[in-house]
Structure formats: structure tokens, C-alpha cells
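Below: the structure, in C-alpha cells.
The values are calculated or read from the model by the stated rules, or taken from the named source; none is laboratory data. Keep in mind that what you see is a predicted model, and the values were worked out from it rather than measured. Every residue, glycine among them, receives a Cβ derived from its backbone with ideal geometry; neighbour counts consider all protein chains shown.
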Amino acid sequence: MSPVLVLLVAVLATTYAGPIVRFAAAPALAIAFWRLALVLPVTGLVAAQQREGENTSPGSFLPLVALSGLLLAVHFWSWIASLRFTTVASSVVLVSLKPVFAWGIAAVWLHEHPTRTERVGIALAVVGATFIGVGDAALSLGALGGDALALVGAVTGAGYYVIGRRVRQTVGIWRYATAVYGVAGVVLAVVALGTGVPLLGYSGRDWAVFGAMAAGPMLIGHTGMNYALRHFRATTVNVAALGEPVGASLIAWAVPAIHEVPSLTAVCGGVMVVVGIALSLGAGSVRSGHAG
């Protein structure tokens with residue numbers, strides 16, 4: 001299957017994650033846990049039936065997989081929690097600044113360095129994100145806290161993808177996805193139990209949101225992007241993922257039950273982010289050369 005097509009479908013599958021979370025009354029920890037737990041039977045079954053050509057031993061990848069799962073757990077919790085305090089547009093766009101942090105992590109660890117045009121794109125995206133944050137801060141202090149949580153989601157999400165880029169060179173997609181999702185699920189379950197957040201007893205509407213998050217953004221979205229990491233740089237995958245804010249913001253504006261009309265400042269900031277990412281993607285969408 002074409003990695004480009006897989007990546008495109010994966011990005012499209014993530015666009016409704018932000019808006020649909022707003023329909024759940026369940027706490028962020030429960031939503032994050034169930035979007036992982038519900039997808040594990042599928043990835044686990046496929047992994048058990050399909051062992052891809054792998055050239056690694058458990059001891060060589062398990063520490064990285066464990067760290068990746070931990071980062072994914074924090075990423076999901078912080079992003080979903082941010083939606084309680086800020087707008088869908090602000091949260092999704094800020095979390096989607098993962099390429100900014102992915103470039104830094106990849107440059108240090110994987111020795112992948114951005115070009116001059118990519119640096120311009122990064123700077124423009126950061127300024128745009130700042131505009132979005134300032135616009136929310138003018139409305140309420142709670143929105144500023146939500147933006148901070150979204151940025152935590154961006155940093156941890158970037159680390160998760162860069163680790164995936166490294167591990168996916170030798171570990172098959174279904175085995176990797178099952179292991180990482182499993183670790184993240186266990187971390188979230190432990191935190192929920194430790195903080196007294198219930199994982200059961202939710203309404204049918206909440207369970208519908210859990211299922212929708214697992215089926216689209218998780219199974220198709222995250223697994224598709226993890227698949228693409230074997231063929232593209234982590235920064236390229238993260239840049240492609242920035243198609244999410246556009247779709248998410250349109251959904252949040254179009255759905256009557258949400259109907260979030262972004263402020264002028266947020267719109268200007270969002271445009272700057274999109275232009276910055278377009279510059280970065282045009283300069284950095286280079287195939288890794290791996291055909292596995």
C-alpha cells in the first residue's frame with residue numbers, strides 16, 4: 001500500500017477527534033484510556049497473526065517502546081484536558097506544533113536538521129501559535145491554562161513520533177502499535193486509579209465518543225502515521241498531521257452543538273501557522289529512502 005495514501009487517510013481520520021471530545025462528559029483520563037483500550041484487541045489480533053520481517057531483539061526496543069508509550073499517555077491526557085479550558089481551534093493547532101519540537105528532538109538524536117526554509121516556517125508557525133494563545137488569554141485565564149496543556153501535548157507527541165521513527169525501522173507496525181498503545185493504556189489506568197478517576201459507569205453517549213475516538217483517530221489515524229514513520233522522516237509525518245487543525249476547526253464551526261467561531265486574532269494566528277507549515281513541508285518533505 002502506498003505510504004502517501006496511508007498518511008493522507010490517517011490525517012483525515014484524526015480531524016474529528018477534537019470536536020467529538022466536546023460531546024463527552026467523561027474526564028480526560030477516562031477518554032484517553034478507552035480510546036487506547038478499545039483499539040488494543042484489533043491491533044493485538046493482527047500482530048499475533050502477522051509477524052513482519054523484523055531484525056531486532058526484545059531487549060533492544062522495549063525501553064524505547066516503554067518511553068514512547070509513556071509520552072503517548074501524557075500526550076493524550078494533556079490534549080484532551082486542554083479541550084476543557086480552551087477552544088478546539090486553539091487546542092488542536094497548538095498540539096499540532098509537534099513538528100516544531102520534533103525537529104529539535106530529531107536534530108539532536110537522529111541528526112536530522114531543518115533547512116533554512118524550514119526554519120522560517122517553524123518561526124512563522126511559532127509566532128502564529130503565540131497569537132492564538134494571546135487571543136485566548138485576553139478572554140480568560142482558564143483558556144491560557146488550556147493552551148499550556150495543549151503545548152505539553154505537542155512536546156510529548158513530538159517525542160512519541162521521533163521514537164517511533166527510530167523503532168519502526170526494525171519493528172513491524174502492528175507489533176509496535178500494540179506495544180505502545182498497551183503501555184500508554186496501563187499508564188493511564190494506573191494514574192486514573194491513583195487519582196480516583198472512574199473508568200466505568202459512563203453514559204451511552206460517552207461510550208459512543210470512546211468508540212469513535214478508538215475507531216478513527218486511534219486505529220486509522222495514529223496507526224497509519226506510525227506506519228508512515230517507516231517510510232518518512234518524523235518531521236515530515238508531523239508536518240502532514242497539520243492537516244488536522246483545518247478540518248477540526250471547520251467541524252467545530254459547522255456543528256451546531258459546538259459552533260465555535262474563532263476570534264480574529266485566532267484566525268490570523270491560524271493562518272500564520274498554516275503558512276509556516278506549508279513552507280516547512282515544501283522544503284522538508286524528502287523521502288527517507290527506506291522502502292521497507
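Against the definition (within 21 Å of Gly69 (Cα to Cα), buried (at least 19 other Cβ atoms within 10 Å of the Cβ), out of contact with any strand residue (DSSP E or B) (no Cβ under 7 Å at 6 or more places or on another chain) and not polar (S, T, N, Q)), how does Val186 come out, yes or no? Taking the combined requirement at face value, the residue does not satisfy it.
Okay, residues lined up against (1) modelled with pLDDT under 75; (2) crowded, with 18+ Cβ neighbours inside 10 Å; (3) among the hydrophobic types (A, V, I, L, M, F, W, C); (4) within 21 Å of the chain's Cα centre (by Cα):
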| site | (1), (2), (3), (4) |
| --- | --- |
| Ala234 | no, yes, yes, yes |
| Ala252 | yes, yes, yes, yes |
| Pro262 | yes, yes, no, no |
| Val267 | no, no, yes, no |
| Val271 | no, no, yes, yes |
| Ile277 | yes, yes, yes, yes |
| Gly292 | yes, no, no, no |
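Only residues that are farther than 20 Å from Ala81 by Cβ and among the aliphatic types (A, V, I, L, M): list them for region 19-46, please. Please lay out each step first, then the result.
Our first condition is that a residue be farther than 20 Å from Ala81 by Cβ; within region 19-46, this holds for 39-46.
Of everything in region 19-46, those that are farther than 20 Å from Ala81 by Cβ and among the aliphatic types (A, V, I, L, M) turn out to be Val39, Leu40, Val42, Leu45, Val46.
Going residue by residue through region 234-252, is there one that turns out to be charged (D, E, K, R), in contact with a Phe, Trp or Tyr (Cβ under 7 Å, 6 or more places away or on another chain) and in contact (Cβ under 8 Å) with a residue 60 or more places away in the chain?
So in region 234-252, the residues charged (D, E, K, R) come out as 244.
Checking which are in contact with a Phe, Trp or Tyr (Cβ under 7 Å, 6 or more places away or on another chain) leaves us with none.
No, that holds for no residue.
Among residues of region 19-30 that are of a type in the set (Val, Ile, Thr), those with a Cβ under 6 angstrom from a residue that is part of a helix (DSSP H, G or I) and crowded, with 20+ Cβ neighbours inside 10 Å, sequence gap 6+ or separate chain, pair up as Ile20/Val209; Val21/Ile80.
Filter region 1-18 down to the residues that are of a type in the set (S, T, N, Q) and free of Cβ contacts under 8 Å to residues at least 40 places away in the same chain and list them by number.
Within region 1-18, the first condition is being of a type in the set (S, T, N, Q), and the residues that meet it are 2, 14-15.
Matches in region 1-18: Ser2 only.
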